[in-house]
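J.: Before I ask anything, let me first share the structure, which is written out below as structure tokens.
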Amino acid sequence: MIKRTIALAGLAAGALALSACEEMGISSSPDFALNIPEVEPGDISEETMVDITRQLSTDEFGGRMPGTKGEELTVALLTERFEAAGLQPGNGDSWVQEVPLVEITGNNFAPLTITNGETDLAYDYGSEWTGVTYREDAQTQLANSELVFVGYGINAPERGWNDYEGVDVTGKTVVILVNDPDWETDGLDGTFNGKAMTYYGRWTYKYEEAARQGAAGALIVHDTDPASYGWNVVESSWGGPQAYPQRGENAPAMTLLNGWVQKEVAREILTAAGQDLDALTAAAKTEDFAAVELGMTASTSFQNTFRSFTSQNVIGVLPGSEAPDEYVLHTAHWDHLGTCNPPAADGDDICNGAVDNATGTAALVALAEAHSKAGAPSRSLVFLAVTAEESGLLGAYYYAANPIFPLDQTVGGVNMDAFLVAGPSRDVTVVGPGKSQLDLFLEAALVADGRVATPNPSPEAGYYYRSDHFAFAKEGVPMLYVDGGEDLIEGGREAGKAISDEYRANRYHGPKDEFDENWDWSGVMADLQLMYRLGRMMAMSESWPNWNEGDEFRGVRDESCARSENGC
């Protein structure tokens, strides 16, 4: 329950959190005064976290692929537990929001063949290249498509950058580097925010821009460091069924083929074209880079089967006591990859997704229980379990485009995506610090919990653009993404990094992301306490935090607020 309001000056005096936030570039001087209530700790059930995470991770749920029996079981479980927690249905009388999707499954993949009439190269699907189509065509046929190296594949006029300038790629296949040009910079200053990835570095953007340029195909060169994951993640994530939003009559043009090639495959192709990958990569980091037509063509083919289906977002709400038409979001994705390709050495092919994201899904229920026990806050609390995150944030994008609760009446929110069960830590990892005035609520929660904030140790990975909160941020809703810390009580940062690295190398998006009865949940429960404070502080406040001046989402929020009569 609310005890008192923290004065802004008093908050700034909280040296424990402030020093860490200053290191991350977080400002403690908002455009207007914020009132940030102090709240008591929540009564959060570890038993709920363990039971739901365990259940969602069983083989019976089959990896929770949208449109499967695993979805039916997941939606039924969440509906039951949301209701038992004291929530009300979030979509009128319904607990779900229907999300229309199409599933495309490619099969009978031919090798990717590259030729210039003299040299013929061929690469095996899966181990050397992978690809999909977003088009609903029974047969995908890329035939003798001219290859063009387009650097990082970015067209950003506001940054004075256009990798497509002076070249016509209509009907051709573009070869693109992963991440953005200044990802190797030590600091966060640069045309593309230095080491921190921008949206221009994400594969989703690169395929979208290639399609806008008229390309027939787009092949991203995989490189583990700038991608922040190994080829095994690409192979498992892009193999098997892929879900996409159902396309309307006036949908934007799409490429015929989107895919990835191994870095050494790209090197061999460029060598055959009389080019050097390292030299072209260096050139692509400069503003005067010019695309290079390689004088070679690419060909491949595969068949596709389709299944149109409706998946579901699950929504519960705890109505506010004084301002029920103002909303605070808690988001997590319930879905995972279904089966893994390739399977593990022992034959296990179920991507159980225990950490990613059975833990976050369980957290929605545990936090709903805790808030309900504490009584309704002033504003309404929304608990949104979205579908098809692994397919490109599809459930979150659908909700953001078709909100049940108006976005201009949505104060902000917190996203929970994968609690790595690593024991208690002194810190939390803030992904995308310095973006919004929600950082002040985070400072207050950190002071209350006696913890500190650490900037994301891998800003080049672009995690702020890779989880569900991004769909809401693009529409102007301030969102926090706070992950578990790495400065462990036992073992410090060295131990924390080792656990994180092991998970990413051996379990992330693979069949060994499984529930472990021996997990130590104490660190996760401390992280959930922080999430509880953040949500309740926002729900008990009267303030409307905004994006910081100059942030890419500030203009969208300002326009939304200017149109609103009832919200921000």
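The values are calculated or read from the model by the stated rules, or taken from the named source; none is laboratory data. These numbers were taken from a predicted model, which means no experiment stands behind them. Glycine gets a Cβ as well: all are built from the backbone with ideal geometry, and neighbour counts include every protein chain shown. Surface accessibility is based on the protein's heavy atoms, side chains included, excluding ligands, DNA and RNA. Shrake-Rupley method; radii C 1.70, N 1.55, O 1.52, S 1.80 Å.
J.: Please give the charge dipole size of the chain, origin at the Cα centre, charges +1 on K and R Cβ atoms and -1 on D and E Cβ atoms. Round to the nearest 20 debye.
T.: Taking the Cα centre of the chain as origin, the dipole is about 840 debye.
J.: If you stretched the chain out fully between R247 and E264, how much longer would it get, using 0.36 nm times the residue separation minus the C-alpha to C-alpha distance? Working shown, then result.
T.: Values: separation 17, 0.36 × 17 = 6.12 nm, distance 3.52 nm.
Between R247 and E264, full extension yields 2.6 nm more.
J.: Per residue, how many Å² of accessible area does region 483-543 show with a 1.4 Å probe?
T.: Values: 2580 Å² over 61 residues.
I get 42 Å² per residue for this part.
J.: Which sequence of C351, C568 reflects their accessible areas, 1.4 Å probe, from the largest down? Don't skip to the end; give the middle numbers.
T.: Numbers: C351 0, C568 45 Å².
Largest accessible area first, the residues go C568, C351.
J.: Turning to a different aspect of this structure: Would you give the gap between the C-alpha center of region 211-246 and the C-alpha center of region 481-502, rounded to a whole Å?
T.: Here the two parts' Cα centres lie 28 Å apart.
J.: Quick one: compute the contact order of region 453-564, relative version, from alpha carbon pairs under 8 angstrom and 6+ residues apart, as a percent. Walk me through the numbers before you get to the answer.
T.: Working: 51 pairs, mean separation 34.1, N = 112.
Once normalised by length, the contact order is 30 percent.
J.: Report the accessible area of E502, computed with a 1.4 Å probe over the heavy atoms of all protein chains in place, in Å² rounded to the nearest 10.
T.: Accessible surface of E502 is approximately 70 Å².
J.: For region 277-298 and region 418-445, what is the separation of their Cα centres, given in Å?
T.: Comparing the Cα centres of region 277-298 and region 418-445, I get a distance of 39 Å.
J.: While we're here: In whole Å and largest first, what semi-axes does the C-alpha gyration tensor of region 298-422 yield when each eigenvalue is scaled by 5 and square-rooted? Don't skip to the end; give the middle numbers.
T.: Values: eigenvalues 228, 76, 21 Å².
Taking √(5λ) for each eigenvalue gives 34, 19, 10 Å, largest first.
J.: Okay, moving on. For region 55-71 and region 374-392, what is the centre-to-centre distance using only Cα atoms, to the nearest Å?
T.: Using only Cα atoms, the two centres lie 20 Å from each other.
J.: Can I ask one more? Taking only Cα atoms, what is the 0 to 90° angle, nearest 10, from helix 360-374's long axis to the longest principal axis of the chain?
T.: That helix lies at roughly 10 degrees to the long axis.
J.: Give, to the nearest whole percent, the P(r) tail of region 202-346 beyond 23 angstrom, counting all Cα pairs. Mind dumping the intermediate values first?
T.: Details: 5840 of 10440 pairs.
Tail of the P(r) past 23 Å holds 56 percent of the pairs.
J.: What order do you get for 508-517, 395-404 when each peptide is scored by the mean count of other beta carbon atoms within 10 Å, highest first? Let's see the in-between values first.
T.: Details: 508-517: 18.7, 395-404: 20.2.
Highest to lowest by the protection proxy: 395-404, 508-517.
J.: Also: Please give the per residue accessible area of region 356-430, computed with a probe of 1.4 Å over protein heavy atoms only, in Å². Could you put the intermediate results ahead of the total?
T.: Details: 1380 Å² over 75 residues.
Spelled out: the 1.4 Å probe surface of region 356-430, per residue, equals 18 Å².
J.: Just by accessible area at a 1.4 angstrom probe, what is the order of Y152, Y134 from largest to smallest?
T.: Details: Y152 5, Y134 40 Å².
From most exposed to least exposed: Y134, Y152.
J.: Sticking with the crude label model, points 7 Å out along Cα→Cβ, report the distance from D325 to E83 in nm, one decimal please.
T.: 2.9
J.: Okay, moving on. Enter the per residue convex hull volume of the chain, computed from alpha-carbon coordinates, in Å³ rounded to the nearest integer. If you can, show how the numbers build up before the last one.
T.: Details: hull volume 82.5 nm³, N = 568.
For the chain, the hull spanned by Cα atoms encloses 145 Å³ per residue.
J.: Show me the ranking of peptides 135-141, 360-366 by mean Cβ neighbours inside 10 Å, starting with the highest.
T.: Working: 135-141: 13.3, 360-366: 27.3.
Packing proxy ranking, top to bottom: 360-366, 135-141.
J.: Heavy-atom accessible area of T115 with all protein chains present, probe 1.4 Å, nearest 10 Å²?
T.: Number for this one is 40 Å².
J.: With the cut-off at 1.5 for a/c, could you classify region 56-200 from its C-alpha gyration tensor as rounded, prolate or oblate?
T.: oblate
J.: Taking a ≥ b ≥ c as the square roots of the Cα gyration tensor eigenvalues, with a/c under 1.5 meaning rounded and otherwise prolate when a/b beats b/c, else oblate, which class fits region 340-401?
T.: Numbers: a/c = 6.83, a/b = 1.85, b/c = 3.69.
Taking the square roots of the gyration eigenvalues as a ≥ b ≥ c, region 340-401 is oblate.
J.: I would also like to ask the following. When N counts the residues of region 442-546, how does its alpha-carbon radius of gyration compare numerically with 2.2 N^0.38 Å, as a ratio?
T.: Normalised by 2.2 N^0.38 Å, the Cα Rg of region 442-546 equals 1.23.
J.: Also, I was wondering about something else. Report, to the nearest 10°, how far helix 438-449 tilts away from the longest principal axis of the Cα atoms in the chain, using its own Cα long axis and a range of 0 to 90°.
T.: Long axis of 438-449 versus the principal axis of the chain: about 60 degrees.
J.: If you don't mind, there's one more thing I want to ask. Given the rule -39500 (n - 2.57) for each run of at least 4 DSSP H residues, summed and divided by the residues of the chain, what is its mean residue ellipticity at 222 nm, to the nearest 500 deg cm²/dmol?
T.: Working: 16 runs with 165 residues, N = 568.
Result for the chain: -8500 deg cm²/dmol, rounded to the nearest 500.
J.: Given the pairs K195/K497; K474/K497; K69/K512, which are separated by over 26 angstrom at their Cα positions? List each step's numbers first, then the result.
T.: Numbers: K195/K497 19 Å; K474/K497 31 Å; K69/K512 21 Å.
Cα-Cα > 26 Å for K474/K497; rest within.
J.: Here is a further query. Find the relative contact order for the chain and round it to a whole percent, using C-alpha pairs within less than 8 Å whose residues are 6+ positions apart.
T.: Relative contact order for the chain comes out at 22 percent.
J.: Which sequence of K195, K206 reflects their accessible areas, 1.4 Å probe, from the largest down? Don't skip to the answer; put the middle values down first.
T.: Working: K195 60, K206 0 Å².
Order by accessible area, largest first: K195, K206.
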